[in-house]
Structure formats: structure tokens, C-alpha cells
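Heads up, the thing below is written out as C-alpha cells.
Nothing in this text is a laboratory measurement; each read-out follows from the coordinates by a stated rule. Note that the structure is a prediction, hence the values are computed from the model and not measured. Here the Cβ positions follow ideal geometry from the backbone for every residue, glycine too, while neighbour counts run over all protein chains shown.
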Amino acid sequence: MMSAELDGIICSGARKGKQFTYALIEEVAPPVKAKTRDESLAELVTRYFSTRGPATLHDFAWWSGLTIADAKQGMDMVKSKFIQEEFNNQNYWFADVSVKKVKAPAVYLLPNYDEYFIGFKDRSAIGDVAKKENIKGDDPAFLAHVIICDGQIIGGWRRELKKDEVQIEITLIKKQLKAEKEAIHQAAKKFGAFLNLPIKIIYKEK
């Protein structure tokens, strides 16, 4: 089965209950017309900045494993699709899209390696709260999944599945107001609803 995956014959399919399945790649991802290197580079740049902007060319190069020269070449081909703004002496590119306002505080329990932060080389823009609290990147609060509040990292979370509930352990890097804690609770309830289990929140001191 592993050889068939490496040979591009099969891939992971939809789950059947708790059972993993396989599927034929030709059925899941039919063959498409081959692209030139320039066409592929232009599409990759377009997809990255459309879904992760505002971002810099260094962010793209770090994420893709390509060179800065490749990043500049790709952006030159598609820059008419994007807006460029300078912030803190760095040039950011992003798509011209309407932004939906979300009622604050907006809290999200994100998994580790989520593209919200792992998709960028420079994550300082979402680390203002941590910086003010003198929290370093290797702090234990960040070694689990990450809690985002109004765009900023405010702590980490872990979950433990029990027979009839899911326990969610919360570690905050600073004391939060009642509104923020209620937003955390609502985000945790959504996670519990996804698992179809009641939740129990445990706040852990740093």
C-alpha cells in the first residue's frame, strides 16, 4: 500500500467511522494540463498571497522553499492582482478583498501548525501581546495548540478526550477580562460540538 502511494496510484480516502480508507488518485485528482515553470510559479504566488496575505516575499520564500529571486519573479507576473502596503519598513502584499467585521473579542482555538501563524516567516505582527508580557517563543504556553484573540496569540490549549466529555486545558499568557474568557468558553463549546461531546475547561497557571 505504501508503494502504491509513493507511485502515485492511491491516496487517503474518506473515513468510514474510525476506519481509514484509500482512494484512486485518478478519481480524486484527475490529470490536468501540464504547466510551464513560469505558469506554476505565478499560480503558486497567486494562491499564497490570496489566502495568506498580508504577507511579504520573504514569507512566501520561507513557506514555499523557493528563493527570493523566485518570489520576486512570481510576484512581478501577478502583482496587478494584489495591493502593496509598507508597514514597519516591510512591503506586504494582499488581495483586494472586502473584510467582514467580526464582533470583538473574537477567539479561535487553532491547532498547532495552523497556517494562520506557520505560513509566515515573520510572526511578530500577531505577537504584540506576548511581547508586552515578555513571553518568548519557547514558552510552555506555546508548545500546545494556540489561542488567538482579536488576531493576537494570547496562550495555548490542549485537549484530552474522556469517555463522556472532552477536557480542554487553557494556559493564558496574561489575565483576560470577563468578555475574553466568555469568548474562549464559546470557542471551546464549538470544539465540543464538533466532537459531539460536552466540554470541561481547566485553566492552568503559567
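Convex hull volume of the C-alpha atoms in the chain, normalised per residue: 185 Å³. The listed peptides 169-177, 52-60, ordered by packing as a protection proxy, come out as 52-60, 169-177 (highest mean of other Cβ atoms within 10 Å first).
Here the spin labels are modelled as points 7 Å beyond Cα on the Cα-Cβ line, and at E115 and L195 they lie 2.5 nm apart. The order of W62, W93, going from fewest to most other C-beta atoms within 10 Å of their C-beta, is W62, W93.
When only alpha carbons are used to place a centre, the stretch 155-180 and the stretch 60-115 end up 29 Å from one another.
Based on C-alpha pairs under 8 angstrom that are at least 6 apart in sequence, the stretch 37-95 has a relative contact order of 42 percent.
Taking the stretch 33-62 and a reference point 7 angstrom along Cα→Cβ of A95, the backbone N atoms nearer than 14 Å belong to 43-55.
Restricting to the chain, what percent of DSSP beta bridges are antiparallel, rounded to 5? Of all bridge pairs located within the chain, approximately 80 percent are antiparallel. A protection proxy built from the mean count of other Cβ atoms within 10 Å ranks the segments 19-29, 149-159, 72-82, most packed first, as 149-159, 72-82, 19-29.
Rg then Dmax, both in Å and based on the Cα atoms of the stretch 107-204: 13.3, 41. Taking a straight line from the alpha carbon of K35, these aspartates and glutamates sit under 13 Å away, with near neighbours fewer than eight places off in the same chain left out: E43. Between their Cα atoms, which of K131/K178; K103/K132; K16/K204; K33/K72 are more than 32 Å away from each other? In this structure, K16/K204 exceed 32 Å between Cα atoms.
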